[in-house]
Amino acid sequence: RVDDEGDAKSSITIGALESPWLTFLCTLVFIIIARRVFAVDNRSHKATPSEDEEEEVFPDPMPAGDMTRRELAKYDGSDETKPILIAAKGVVYDVTRGRDFYGKGGPYNCFTGIDCSRALGKVSLDKENLCADVKDFAASERDVLNDWVAKFNAKYPVVGKLTDGKYNGKF
């Protein structure tokens, strides 16, 4: 009889190990333990530039102050030691941090060193639109220009105003 009872206990134990729920539970416990044992703490890891990469260096920010169109033209992105400036609606912005867009060879370099209000409102890179003349703008073009100015105000520092600017809009 002892042998029969021993066989019964063994079959109960083996039957319990074959249960899908028990298998699931054992697998879950194994995964949790493995994650804790082999976990890498990424919270304290900070990305640092590799030794081969150099951190981009920007010139000192443009001091605040009004300027003429002739002075503005000196900051067209052609000299990497100078800030990059644009004007919209007669307001001058330092867009140096956007050098990839506004610097020499950038897709929007044509906007630099001038009041580019017309080109912004018309969403144009055409040479004839690279000016401040907006007197014939439709309401939709005024809205587009105002959206650009809002983006510049949020993203780039204001340097000042153009003292002899040709911006002729009242919006």
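Rounded to the nearest whole Hz, the Karplus-based 3J(HN,Hα) values (6.51 cos²θ - 1.76 cosθ + 1.60, θ = phi - 60°) of region 158-171 follow the sequence 7, 8, x, 10, 7, 7, 10, x, 9, 4, 10, x, 10, 9, with x at glycine and proline.
Computed with a 1.4 Å probe over protein heavy atoms only, the accessible area of residue 29 comes to about 70 Å².
Under 8 Å for C-alpha pairs, at least 6 residues apart: give me the relative contact order for region 78-171, rounded to a whole percent.
Values: 160 pairs, mean separation 30.3, N = 94.
Reported relative contact order: 32 percent.
For residue 133, nonlocal amide neighbours, meaning residues 5 or more places apart or on other chains whose placed amide H falls under 5 Å from its own, are 118. Length gained on full extension, residue 55 to residue 140: 26.6 nm, using 0.36 nm per residue less the C-alpha separation. Between residue 166 and residue 100, the distance separating the two model label sites (each 7 Å from Cα on the Cα→Cβ line) works out to 3.3 nm.
The figure for residue 140 is an accessible area of roughly 80 square angstrom, using a 1.4 Å probe on the protein chains alone. Summarising the label geometry, the points placed 7 Å from Cα in the beta-carbon direction at residue 68 and residue 127 lie 2.5 nm from one another. The phi torsions of region 101-113, fed into the Karplus equation with coefficients 6.51, -1.76 and 1.60 and a -60° offset, translate into couplings of 8, 9, x, 3, x, x, x, 10, 4, 5, 7, 7, x Hz, rounded to whole numbers, with Gly and Pro shown as x.
A simple spin-label model places the labels of residue 154 and residue 23 5.4 nm from each other, with each point 7 Å out along Cα-to-Cβ.
Using a 1.4 angstrom probe on the protein heavy atoms only, line up 167, 93 by accessible area, largest first. All intermediate terms of the calculation are to be shown ahead of the outcome.
Values: 167 45, 93 0 Å².
The ordering from most to least exposed comes out as 167, 93.
List every residue whose amide H lies under 5 Å from the amide H of residue 84, counting only residues 5 or more places away in sequence or on a different chain, with H placed 1.01 Å from N in the peptide plane. So residue 84 has HN proximity to 95, 96. Distant-in-sequence amide contacts of residue 92, defined by a placed amide H-H separation under 5 Å and a gap of 5 or more residues or a different chain, comprise 159, 160, 161, 162. Between the residues 124, 167, 112, the greatest Cα displacement towards the positive end of the dipole of region 48-171, with unit charges on the Cβ of Lys, Arg, Asp and Glu, is found for 167. Of the whole protein surface, residue 89 contributes about 40 Å² of accessible area at a 1.4 Å probe radius.
Please give me the summed charge of the neighbours of residue 109: other residues whose Cβ is under 11 Å from its Cβ, Lys and Arg +1, Asp and Glu -1. Intermediate results must be reported in sequence, preceding the final value.
Values: positive: 99, 104; negative: 76, 100.
Summing Lys and Arg as +1 and Asp and Glu as -1 gives 0.
The values are calculated or read from the model by the stated rules, or taken from the named source; none is laboratory data. All values derive from a computational prediction rather than experimental measurement. A quick note on method: Cβ atoms are made from the backbone with ideal geometry, for glycine too, and the neighbour counts reach across all protein chains shown. Side chains are part of the model used for accessible areas, which takes the heavy atoms of the whole protein and leaves out ligands, DNA and RNA. Shrake-Rupley method; radii C 1.70, N 1.55, O 1.52, S 1.80 Å.
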